[in-house]
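Visitor: Sharing a structure here in structure tokens format.
The values are calculated or read from the model by the stated rules, or taken from the named source; none is laboratory data. Computed from a predicted structure; not experimentally measured. Virtual Cβ from ideal backbone geometry, glycine too; neighbours counted across all protein chains shown.
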């Protein structure tokens with residue numbers, strides 16, 4: 001220890017005292033009021049969960065609005081593929097045509113949004129080099145490609161008919177007519193997976209609210225796709241052929257509201273907060289209002305063209321707000337450490353109460 005010539009003029013420091021808690025727990029041996037001092041003394045207080053300086057525990061994903069737009073467009077495309085098959089099987093040519101063209105537009109814009117998020121088109125192509133069943137992103141790439149191929153062929157046939165068979169197809173026109181029906185079936189088969197796989201993609205992350213909703217979020221997304229595609233058909237198709245679309249939309253509204261309520265009831269109360277507060281909460285509240293309004297319009301007045309168009313637009317808005325709201329709620333849940341720490345504490349307490357104290361998560365006391 002070195003000394004300085006200024007030590008003599010330095011003011012004296014008060015003696016340091018050990019700080020003890022005023023009311024130490026009596027079940028701790030060796031502390032005041034507990035034990036005789038002959039056993040080990042616990043000098044460290046009980047640990048409390050927290051994060052460094054209140055900083056987020058989970059790093060938010062680097063996803064922006066193009067990903068949320070892709071969630072919406074994928075739902076519209078997937079549901080429209082199913083509706084197009086319904087029109088194909090029931091002889092509703094206008095419903096079949098408009099659903100196919102709407103599905104192709106939605107899946108095309110969705111692919112653009114996905115590539116915009118990836119940054120370079122070749123990154124999407126690189127995802128096609130392998131097929132990994134345990135990767136939602138890998139499976140989603142193949143689902144999107146399979147759906148796009150089927151709906152692209154079916155929509156090409158519709159465009160050829162709309163132009164009076166003026167497309168320069170030559171002998172390929174016969175081939176197109178022959179594969180049009182199977183392509184419609186293929187698009188319908190890939191439609192539901194396209195509408196729902198994005199829910200698996202979100203919930204497979206460490207984002208607290210998304211991960212907590214993993215059991216029920218797919219049901220929310222598939223119902224949202226149903227009401228969105230039904231709404232789009234109500235806007236684009238004459239009311240004489242929109243009966244299946246209206247039924248599809250009403251079923252989607254009922255499923256969307258029920259699935260959302262059930263999902264929230266099974267989530268940790270803290271992790272439900274981002275779904276109710278702030279910008280995500282406002283989106284989801286308006287989504288429910290628009291869904292109810294659109295569903296009532298489809299059920300009671302869908303046979304009148306103005307009501308059908310207004311109801312369809314309301315349903316499209318409801319689906320978009322549902323997916324944007326869930327997307328934003330997940331991002332919000334990464335900002336506050338409590339959305340990670342408090343559920344962890346409750347899970348730990350439940351495991352200890354169940355006697356699970358000898359594994360890698362808890363330690364025996």
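Visitor: Of all residues in segment 203-223 being touching a helix residue (DSSP H, G or I) at 6+ places or on another chain (Cβ under 8 Å) and farther than 12 Å from residue 263 by Cβ, which is surrounded by the most Cβ atoms within 10 Å (Cβ to Cβ)?
Guide: The qualifying residue surrounded by the most Cβ atoms within 10 Å (Cβ to Cβ) is 208.
Visitor: Among (1) closer than 22 Å to residue 62 by Cα; (2) touching a helix residue (DSSP H, G or I) at 6+ places or on another chain (Cβ under 7 Å); (3) surrounded by fewer than 14 Cβ atoms within 10 Å (Cβ to Cβ), where does residue 141 come up short?
Guide: In the conditions (1) closer than 22 Å to residue 62 by Cα; (2) touching a helix residue (DSSP H, G or I) at 6+ places or on another chain (Cβ under 7 Å); (3) surrounded by fewer than 14 Cβ atoms within 10 Å (Cβ to Cβ), residue 141 misses (3) alone.
Visitor: Name the single residue that is modelled with the lowest pLDDT among those in segment 49-66 being over 16 Å from residue 344 (Cα atoms) and in a loop (DSSP other than H, G, I, E, B).
Guide: Ranking the qualifying residues of segment 49-66, first place goes to 55.
Visitor: Answer yes if at least one residue in segment 178-188 is surrounded by fewer than 24 Cβ atoms within 10 Å (Cβ to Cβ) and in contact (Cβ under 8 Å) with a residue 60 or more places away in the chain, and no otherwise.
Guide: There is at least one residue in segment 178-188 that is surrounded by fewer than 24 Cβ atoms within 10 Å (Cβ to Cβ) and in contact (Cβ under 8 Å) with a residue 60 or more places away in the chain.
Visitor: Return the residues of segment 302-313 that are surrounded by fewer than 23 Cβ atoms within 10 Å (Cβ to Cβ) and either at pLDDT 95 or above or part of a helix (DSSP H, G or I) (or both); say none if nothing qualifies.
Guide: Of everything in segment 302-313, those that are surrounded by fewer than 23 Cβ atoms within 10 Å (Cβ to Cβ) and either at pLDDT 95 or above or part of a helix (DSSP H, G or I) (or both) turn out to be 305, 306, 307, 309, 310, 313.
Visitor: Continuing with this model, one more query. From 200, 175, grab the single residue that is without any contact (Cβ under 8 Å) to a residue 24 or more places away in the chain and either surrounded by fewer than 16 Cβ atoms within 10 Å (Cβ to Cβ) or closer than 19 Å to residue 146 by Cα (or both).
Guide: Answer to the selection: 175.
Visitor: Which of the following residues is at negative phi and without any contact (Cβ under 8 Å) to a residue 24 or more places away in the chain: 353, 314, 308, 320?
Guide: Checking each option against the conditions leaves just 353.
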